[in-house]
Amino acid sequence: VIQEFGYDADVDDDLRFAIEDLTTTELEDEDYGDVADAVLIWWRAEDGDLVDAVVDGLTNLAEGGFIVLLTPKSGRAGHVEASDVEEAATTAGLHTSGAVNACEDWTATRLVAPKTGRR
């Protein structure tokens, strides 16, 4: 189950459909009230407080789950600096675990809980 936040007209539908095809389930919206295995957040600079959005994403996230934060690429309207993503993740108790070019206009950054209990 993947819960999606920040859906708007500018999201990449091809990416969304590819995720649904891969998981064989539809993305759940912001109002979903059960446990999610992962969270997808579409985020633009003008959307408000990124820390709040990440904390909201954690609400239904299963233990061991992760957040994929999608932000507009550099030079695109609504671009979010990588340092802002890192700061928001840290403030929410997470850390970034790599970023990739997810599609033409969006960069995806994986946010995960810090590993604990190393042996």
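The values are calculated or read from the model by the stated rules, or taken from the named source; none is laboratory data. Not measured: the values here are computed from a predicted model. Neighbour counts run over all protein chains shown; Cβ positions are idealised from the backbone, glycine included. The protein model used for the area step is the full one, side chains on, heavy atoms only, and it has no ligands, DNA or RNA in it. Shrake-Rupley method; radii C 1.70, N 1.55, O 1.52, S 1.80 Å.
Take the residues in region 74-98 that are open to solvent by 70 Å² or more (accessible area, probe 1.4 Å) and among the hydrophobic types (A, V, I, L, M, F, W, C); name whichever of them is nearest to residue 59 (Cα to Cα).
For region 74-98, the residue satisfying everything is 82.
Is it the case that region 42-54 has a residue that's within 23 Å of residue 81 (Cα to Cα) and of a type in the set (Phe, Trp, Tyr)?
yes
How many of the residues making up region 88-119 are touching a residue at least 24 places away in the same chain (Cβ under 8 Å), closer than 21 Å to residue 49 by Cβ and not in a loop (DSSP other than H, G, I, E, B)?
Going through region 88-119 one residue at a time, the tally reaches 10.
Inside region 1-39, can you point out the residues that are without any contact (Cβ under 8 Å) to a residue 12 or more places away in the chain and either outside any loop (DSSP other than H, G, I, E, B) or basic (Lys, Arg) (or both)?
Across region 1-39, the qualifying residues are 13, 17, 18, 20, 21, 22.
From the residues in region 40-71 that are more than 12 Å from the chain's Cα centre (by Cα) and not in a helix (DSSP H, G or I), which one is surrounded by the most Cβ atoms within 10 Å (Cβ to Cβ)?
Taking the candidates together, the pick is 60.
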